Structures are given as structure tokens and as C-alpha cells.
Amino acid sequence: MPLSEEELRLLEQMERALVEEDPKFASTLRGTSFKQAARRRAILAGVVFVIGIAVLMSGAVFRMIPVGVIGFVIMLVSATYGLSTVRGRAKPVQEGDVKETRHHGLGVVDGGRVHRPKMRRSTSSAPFMERLEERWRNRRDNGGF
């Protein structure tokens, strides 16, 4: 029995909401894993990086500065893309991608990854060496702890 037009529209809305809330789970349901996709993107970035090296070197050998600059830019872009893939972020964060929760214990959800709030450092006005000396004295006075 085929779905009605309204049911298809609702199903599409639910799928879009699922992808926005948990893209990793949605990817798993589609059959492509994030690791495989990230591996493919990293390999592609490596191949493009090698092509950039070839373009850069050919620009240097033939003394064509613009070709060398283009090769360098190709290397830079592919390295940036490859590193962002390795770190787990294939695309830069945009304003609409970040969802913030106000509940205690939950962080910011960003592309399927949960980021915990950072612990605040004690902001002391004492210089670095004074803080180290204070730590050393505390360790010595407290029996090594």
C-alpha cells in the first residue's frame, strides 16, 4: 500500500530532523559509516596534496612563479581539508549548525559530536614561575602530593 502525499511529506520532515539532530546515526542507517567517508576524504586530500607538490615543483623548475603559487595554494587547501577530516569535522561550523542546551551536564551539540563545557582555569595574576614555586612548596609540605 503506497504512502499518501502527506505521509511522504511527514516522513521527509522526520528524516531531515534526524539528520540535523544526529548525523552519525542517520549515516549509519543509510549504510555509509563516518569512518569510511572520512578515510575516503583523507585519501582524496592526500592525493590532491601530492598533485599540489607536483604543480609547485613544476612551477619552480620552469621558473613560472604563478604556477608555483597555485601549487602551494592547492597544497594548503588539501592539507586543511585533510586535517579537518582527520579531526572529525568535514565542514566548518556555521551559525545554524550549533544547537545549545541549557540543561546541566549537557554541552553543545555540533555535527553529532557532544562538546563538554571547558573547565575554567584559575586566573591568577601571579607570574608563571611564582605559581610553579607555590606548587612545589605545596607538594613538599603535603608529603609528595
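Just to be sure before I move on: is GLY71 surrounded by 14 or more Cβ atoms within 10 Å (Cβ to Cβ) and out of contact with any Asp or Glu (no Cβ under 8 Å at 6 or more places or on another chain) in the structure I sent? Yes, satisfied. Listed here are the helices (runs of 4 or more DSSP H) enclosed by the range 10-96 that have at least 3 residues being basic (Lys, Arg), touching a Phe, Trp or Tyr at 6+ places or on another chain (Cβ under 6 Å) and modelled with pLDDT of 90 or more, and there are none. Scanning the range 1-23 for residues that are surrounded by 12 or more Cβ atoms within 10 Å (Cβ to Cβ) and either among the hydroxyl-bearing types (Ser, Thr, Tyr) or in contact with a Lys or Arg (Cβ under 9 Å, 6 or more places away or on another chain) (or both) turns up GLU20, GLU21. Within the range 55-66, if we keep just the residues that are touching a residue at least 12 places away in the same chain (Cβ under 8 Å) and surrounded by fewer than 17 Cβ atoms within 10 Å (Cβ to Cβ), the residue that is farthest from the chain's Cα centre (by Cα) turns out to be SER58.
The values are calculated or read from the model by the stated rules, or taken from the named source; none is laboratory data. Everything quoted here is computed from the prediction, not taken from an experiment. Cβ: placed from backbone, ideal geometry, glycine included. Neighbour counts: every protein chain shown.
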